[in-house]
Amino acid sequence: MKGITTLKKYITLAIAVLTLHALPTYAQSYRQLVIEATQALEAGETADAIENYTKAIALAPDNKANEYIYANLAAAYIQEKNSKEAESTYNTALNKFPESKRLLQLRGNFYLDAGDLKKAQKDYDKILTNEPYNQEVLYHRAYIHAKNEEKEKAYKDYYAILTSNPDNHKARFALALLYSNDNKREEAQLQLDHLIETNPDNADYYTAASNIAEKQKKIELALTYIDEGITKCRDNTTLFIRKAELLIAAKQKKEAKAILDKLALDGKYSPQMNILYKKCK
(Lines give C-alpha, C1' and ligand atoms only; values in the text may rest on other atoms or scores of the structure.)
Protein backbone atom coordinates (compact mmCIF):
# COMPACT_ATOMS: atom_id res chain seq x y z
CA MET A 1 0.00 0.00 0.00
CA LYS A 2 1.20 3.50 -0.90
CA GLY A 3 0.61 6.20 1.66
CA ILE A 4 2.04 9.18 -0.08
CA THR A 5 -0.49 11.96 -0.64
CA THR A 6 -1.23 12.90 -4.22
CA LEU A 7 1.42 15.34 -5.37
CA LYS A 8 -0.85 17.29 -7.71
CA LYS A 9 -3.13 18.24 -4.81
CA TYR A 10 -0.30 20.04 -3.04
CA ILE A 11 1.02 21.61 -6.22
CA THR A 12 -2.44 23.14 -6.70
CA LEU A 13 -2.50 24.31 -3.08
CA ALA A 14 0.90 25.93 -3.43
CA ILE A 15 -0.33 28.11 -6.28
CA ALA A 16 -3.69 28.83 -4.65
CA VAL A 17 -2.22 29.89 -1.33
CA LEU A 18 -0.17 32.59 -3.02
CA THR A 19 -3.37 34.30 -4.04
CA LEU A 20 -4.73 34.09 -0.49
CA HIS A 21 -1.79 35.69 1.31
CA ALA A 22 -1.09 39.33 0.59
CA LEU A 23 2.54 39.55 -0.51
CA PRO A 24 4.64 42.70 -0.07
CA THR A 25 6.12 44.27 -3.18
CA TYR A 26 9.56 42.72 -2.64
CA ALA A 27 7.91 39.31 -2.58
CA GLN A 28 6.69 39.43 -6.16
CA SER A 29 9.89 37.62 -7.11
CA TYR A 30 9.06 35.09 -4.38
CA ARG A 31 5.73 34.45 -6.05
CA GLN A 32 7.37 34.06 -9.45
CA LEU A 33 9.95 31.63 -8.05
CA VAL A 34 7.21 29.49 -6.55
CA ILE A 35 5.18 29.46 -9.74
CA GLU A 36 8.22 28.50 -11.82
CA ALA A 37 9.19 25.83 -9.30
CA THR A 38 5.70 24.37 -9.29
CA GLN A 39 5.56 24.30 -13.08
CA ALA A 40 8.93 22.57 -13.13
CA LEU A 41 7.72 20.01 -10.59
CA GLU A 42 4.63 19.27 -12.66
CA ALA A 43 6.89 18.80 -15.70
CA GLY A 44 9.16 16.42 -13.81
CA GLU A 45 12.06 18.88 -13.80
CA THR A 46 12.83 18.27 -10.16
CA ALA A 47 16.27 19.90 -10.05
CA ASP A 48 14.79 23.23 -11.21
CA ALA A 49 11.89 22.84 -8.80
CA ILE A 50 14.23 22.25 -5.85
CA GLU A 51 16.42 25.22 -6.79
CA ASN A 52 13.52 27.66 -7.11
CA TYR A 53 11.63 26.45 -4.03
CA THR A 54 14.83 26.77 -2.00
CA LYS A 55 15.43 30.32 -3.32
CA ALA A 56 11.83 31.29 -2.54
CA ILE A 57 12.07 30.09 1.05
CA ALA A 58 15.38 31.93 1.52
CA LEU A 59 13.86 35.12 0.08
CA ALA A 60 10.81 35.09 2.39
CA PRO A 61 11.54 32.67 5.25
CA ASP A 62 8.58 33.85 7.37
CA ASN A 63 5.94 33.69 4.65
CA LYS A 64 2.98 31.57 5.76
CA ALA A 65 2.78 30.11 2.27
CA ASN A 66 5.99 28.25 2.99
CA GLU A 67 3.95 25.56 4.71
CA TYR A 68 2.91 24.48 1.21
CA ILE A 69 6.27 25.23 -0.36
CA TYR A 70 8.08 22.92 2.04
CA ALA A 71 5.58 20.18 1.20
CA ASN A 72 6.31 20.56 -2.51
CA LEU A 73 10.06 20.77 -1.91
CA ALA A 74 9.93 17.47 -0.03
CA ALA A 75 7.84 15.99 -2.86
CA ALA A 76 10.52 17.03 -5.34
CA TYR A 77 13.18 15.26 -3.28
CA ILE A 78 10.95 12.18 -3.12
CA GLN A 79 10.65 12.22 -6.91
CA GLU A 80 14.45 12.28 -7.04
CA LYS A 81 14.52 9.34 -4.60
CA ASN A 82 16.48 11.48 -2.17
CA SER A 83 14.87 10.25 1.04
CA LYS A 84 17.43 11.91 3.30
CA GLU A 85 16.69 15.42 1.99
CA ALA A 86 12.95 14.74 1.89
CA GLU A 87 12.94 13.78 5.57
CA SER A 88 15.14 16.74 6.45
CA THR A 89 12.75 19.07 4.60
CA TYR A 90 9.72 17.74 6.47
CA ASN A 91 11.56 18.09 9.79
CA THR A 92 12.58 21.68 9.03
CA ALA A 93 9.05 22.51 7.94
CA LEU A 94 7.52 21.09 11.11
CA ASN A 95 9.98 23.06 13.23
CA LYS A 96 8.68 26.21 11.55
CA PHE A 97 5.02 25.09 11.43
CA PRO A 98 4.64 22.77 14.44
CA GLU A 99 0.84 22.95 14.36
CA SER A 100 0.55 21.92 10.72
CA LYS A 101 -1.45 18.70 10.55
CA ARG A 102 -0.94 18.77 6.78
CA LEU A 103 2.85 18.54 7.09
CA LEU A 104 2.62 16.00 9.88
CA GLN A 105 0.40 13.78 7.77
CA LEU A 106 2.67 14.12 4.74
CA ARG A 107 5.68 13.15 6.82
CA GLY A 108 3.75 10.20 8.21
CA ASN A 109 2.88 9.13 4.68
CA PHE A 110 6.53 9.51 3.70
CA TYR A 111 7.61 7.25 6.55
CA LEU A 112 4.89 4.75 5.67
CA ASP A 113 6.10 4.55 2.08
CA ALA A 114 9.67 4.14 3.33
CA GLY A 115 8.58 1.23 5.52
CA ASP A 116 9.37 3.03 8.79
CA LEU A 117 6.11 2.06 10.47
CA LYS A 118 7.16 3.19 13.93
CA LYS A 119 7.83 6.80 12.86
CA ALA A 120 4.74 6.85 10.65
CA GLN A 121 2.52 5.74 13.51
CA LYS A 122 4.04 8.35 15.81
CA ASP A 123 2.99 11.10 13.39
CA TYR A 124 -0.45 9.59 12.86
CA ASP A 125 -1.00 9.25 16.63
CA LYS A 126 -0.30 12.97 17.06
CA ILE A 127 -2.88 13.87 14.42
CA LEU A 128 -5.52 11.54 15.84
CA THR A 129 -5.13 13.04 19.29
CA ASN A 130 -6.89 16.15 17.98
CA GLU A 131 -8.73 14.61 15.01
CA PRO A 132 -9.86 11.16 16.23
CA TYR A 133 -12.00 10.54 13.14
CA ASN A 134 -9.55 11.60 10.43
CA GLN A 135 -10.45 8.99 7.82
CA GLU A 136 -7.18 8.80 5.91
CA VAL A 137 -4.99 8.78 9.00
CA LEU A 138 -7.10 6.10 10.70
CA TYR A 139 -6.86 4.00 7.54
CA HIS A 140 -3.08 4.27 7.44
CA ARG A 141 -2.74 3.53 11.15
CA ALA A 142 -5.02 0.50 10.85
CA TYR A 143 -2.74 -0.77 8.10
CA ILE A 144 0.27 -0.35 10.40
CA HIS A 145 -1.49 -2.19 13.23
CA ALA A 146 -2.35 -5.05 10.87
CA LYS A 147 1.24 -5.26 9.63
CA ASN A 148 2.41 -5.39 13.24
CA GLU A 149 -0.07 -8.20 14.00
CA GLU A 150 -1.97 -5.87 16.35
CA LYS A 151 -5.27 -7.00 14.95
CA GLU A 152 -7.56 -5.70 17.67
CA LYS A 153 -6.12 -2.21 17.26
CA ALA A 154 -6.56 -2.48 13.50
CA TYR A 155 -10.19 -3.53 13.93
CA LYS A 156 -10.77 -0.58 16.25
CA ASP A 157 -9.47 1.91 13.68
CA TYR A 158 -11.48 0.38 10.83
CA TYR A 159 -14.62 0.41 13.01
CA ALA A 160 -14.00 4.07 13.84
CA ILE A 161 -13.82 4.91 10.13
CA LEU A 162 -16.99 3.02 9.27
CA THR A 163 -18.88 4.40 12.25
CA SER A 164 -18.37 7.94 10.99
CA ASN A 165 -18.56 7.02 7.29
CA PRO A 166 -20.24 3.68 6.43
CA ASP A 167 -19.67 4.39 2.72
CA ASN A 168 -15.88 4.27 3.01
CA HIS A 169 -15.43 1.31 0.63
CA LYS A 170 -11.64 1.28 0.93
CA ALA A 171 -11.80 0.83 4.71
CA ARG A 172 -14.57 -1.77 4.50
CA PHE A 173 -12.59 -3.78 1.95
CA ALA A 174 -9.48 -3.64 4.14
CA LEU A 175 -11.59 -4.76 7.10
CA ALA A 176 -12.93 -7.69 5.07
CA LEU A 177 -9.39 -8.76 4.17
CA LEU A 178 -8.32 -8.45 7.81
CA TYR A 179 -11.23 -10.66 8.86
CA SER A 180 -10.24 -13.18 6.21
CA ASN A 181 -6.59 -13.24 7.29
CA ASP A 182 -7.79 -13.67 10.86
CA ASN A 183 -9.88 -16.71 9.80
CA LYS A 184 -13.09 -14.81 10.52
CA ARG A 185 -14.47 -15.74 7.14
CA GLU A 186 -18.17 -15.28 7.84
CA GLU A 187 -17.53 -11.72 9.00
CA ALA A 188 -15.35 -11.14 5.93
CA GLN A 189 -18.08 -12.46 3.66
CA LEU A 190 -20.65 -10.15 5.22
CA GLN A 191 -18.46 -7.12 4.55
CA LEU A 192 -17.82 -8.19 0.95
CA ASP A 193 -21.51 -8.84 0.34
CA HIS A 194 -22.20 -5.30 1.50
CA LEU A 195 -19.51 -3.94 -0.82
CA ILE A 196 -20.84 -5.90 -3.78
CA GLU A 197 -24.37 -4.67 -3.11
CA THR A 198 -23.35 -1.02 -2.82
CA ASN A 199 -20.57 -0.98 -5.42
CA PRO A 200 -21.31 -3.78 -7.91
CA ASP A 201 -18.83 -2.65 -10.59
CA ASN A 202 -15.67 -3.40 -8.60
CA ALA A 203 -14.18 -6.71 -9.76
CA ASP A 204 -11.86 -6.95 -6.75
CA TYR A 205 -14.81 -7.53 -4.42
CA TYR A 206 -16.04 -10.55 -6.37
CA THR A 207 -12.53 -12.01 -6.53
CA ALA A 208 -12.01 -11.57 -2.79
CA ALA A 209 -15.43 -13.08 -2.02
CA SER A 210 -14.65 -16.08 -4.22
CA ASN A 211 -11.31 -16.56 -2.47
CA ILE A 212 -13.00 -16.71 0.92
CA ALA A 213 -15.68 -19.09 -0.32
CA GLU A 214 -13.00 -21.36 -1.77
CA LYS A 215 -11.13 -21.41 1.56
CA GLN A 216 -14.40 -22.61 3.09
CA LYS A 217 -14.45 -25.33 0.40
CA LYS A 218 -17.59 -23.79 -1.10
CA ILE A 219 -16.56 -23.94 -4.75
CA GLU A 220 -20.08 -23.48 -6.09
CA LEU A 221 -20.51 -20.33 -4.02
CA ALA A 222 -17.12 -19.09 -5.23
CA LEU A 223 -18.22 -19.66 -8.83
CA THR A 224 -21.48 -17.84 -8.13
CA TYR A 225 -19.55 -14.76 -7.00
CA ILE A 226 -17.33 -14.86 -10.08
CA ASP A 227 -20.26 -15.33 -12.46
CA GLU A 228 -21.99 -12.35 -10.86
CA GLY A 229 -18.80 -10.34 -11.24
CA ILE A 230 -18.48 -11.29 -14.90
CA THR A 231 -22.05 -10.13 -15.46
CA LYS A 232 -21.17 -6.71 -14.02
CA CYS A 233 -17.58 -6.44 -15.30
CA ARG A 234 -17.62 -8.23 -18.65
CA ASP A 235 -14.23 -6.95 -19.82
CA ASN A 236 -12.30 -7.93 -16.70
CA THR A 237 -9.82 -10.63 -17.70
CA THR A 238 -8.93 -11.41 -14.08
CA LEU A 239 -12.47 -12.62 -13.37
CA PHE A 240 -12.40 -15.04 -16.30
CA ILE A 241 -9.01 -16.40 -15.21
CA ARG A 242 -10.36 -16.77 -11.69
CA LYS A 243 -13.32 -18.72 -13.05
CA ALA A 244 -10.95 -21.05 -14.91
CA GLU A 245 -9.05 -21.63 -11.65
CA LEU A 246 -12.23 -22.53 -9.82
CA LEU A 247 -13.42 -24.83 -12.58
CA ILE A 248 -10.09 -26.67 -12.44
CA ALA A 249 -10.52 -26.98 -8.66
CA ALA A 250 -13.99 -28.42 -9.34
CA LYS A 251 -12.40 -30.89 -11.81
CA GLN A 252 -14.22 -29.25 -14.73
CA LYS A 253 -11.07 -28.98 -16.83
CA LYS A 254 -12.80 -28.99 -20.21
CA GLU A 255 -14.88 -25.96 -19.26
CA ALA A 256 -11.81 -24.23 -17.82
CA LYS A 257 -9.85 -24.80 -21.01
CA ALA A 258 -12.71 -23.36 -23.07
CA ILE A 259 -12.50 -20.13 -21.05
CA LEU A 260 -8.74 -19.93 -21.53
CA ASP A 261 -9.08 -20.60 -25.26
CA LYS A 262 -11.63 -17.79 -25.56
CA LEU A 263 -9.33 -15.38 -23.73
CA ALA A 264 -6.42 -16.32 -26.00
CA LEU A 265 -8.60 -15.92 -29.09
CA ASP A 266 -9.62 -12.45 -27.90
CA GLY A 267 -5.97 -11.47 -27.37
CA LYS A 268 -6.37 -11.26 -23.59
CA TYR A 269 -3.24 -13.17 -22.70
CA SER A 270 -1.88 -13.46 -19.18
CA PRO A 271 1.24 -15.42 -18.09
CA GLN A 272 -0.95 -17.16 -15.52
CA MET A 273 -2.82 -18.83 -18.38
CA ASN A 274 0.21 -21.05 -19.18
CA ILE A 275 0.07 -22.52 -15.68
CA LEU A 276 -3.67 -23.09 -15.92
CA TYR A 277 -3.39 -24.73 -19.34
CA LYS A 278 -0.99 -27.29 -17.84
CA LYS A 279 -3.49 -28.01 -15.07
CA CYS A 280 -6.18 -28.64 -17.66
CA LYS A 281 -4.33 -31.70 -19.05
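The values are calculated or read from the model by the stated rules, or taken from the named source; none is laboratory data. Quick caveat: nothing in here was measured; it's all calculated off a predicted structure. Glycine also receives a Cβ, built like all others from the backbone with ideal geometry; neighbour counts cover every protein chain displayed. Accessible surface is based on the protein model in full, side chains and every heavy atom, while ligands, DNA and RNA are left aside. Shrake-Rupley method; radii C 1.70, N 1.55, O 1.52, S 1.80 Å.
The accessible area of residue 238, taken with all protein chains in place and a 1.4 Å probe, comes to roughly 80 Å².
Charging the Cβ of each Asp and Glu at -1 and of each Lys and Arg at +1, and nothing else, the dipole of the stretch 169-229 about its Cα centre rounds to 280 debye. Per residue, the accessible area of the chain comes to 53 Å² when a 1.4 Å probe rolls over the protein heavy atoms. Charged side chains reduced to their Cβ positions (Lys and Arg at +1, Asp and Glu at -1) give the stretch 50-118 a dipole of some 140 debye around its Cα centre.
Nonpolar atom fraction for the stretch 120-235, defined as the carbon and sulfur part of the 1.4 Å probe accessible area, stands at 45 percent. Ranking 276, 237, 30 by how far each Cα lies toward the positive end of the dipole of the chain (charges on Cβ) leaves 276 at the top. At a 1.4 Å probe radius, carbon and sulfur cover how many percent of the accessible area of the stretch 45-93? Roughly 46 percent of what the probe reaches on the stretch 45-93 is carbon or sulfur.
The structure shown yields Cα Rg over 2.2 N^0.38 Å, and of the options (1) 0.97; (2) 1.29; (3) 1.35 that calculated value carries the label (2). Given a 1.4 Å probe and the protein chains as shown, residue 232 ends up with an accessible area of around 110 Å².
Counting every alpha-carbon pair across the stretch 157-251, the share separated by more than 15 Å comes to 57%. Note on the chain: with charges restricted to the Cβ of Lys and Arg (+1) and Asp and Glu (-1), its dipole about the Cα centre is near 980 debye.
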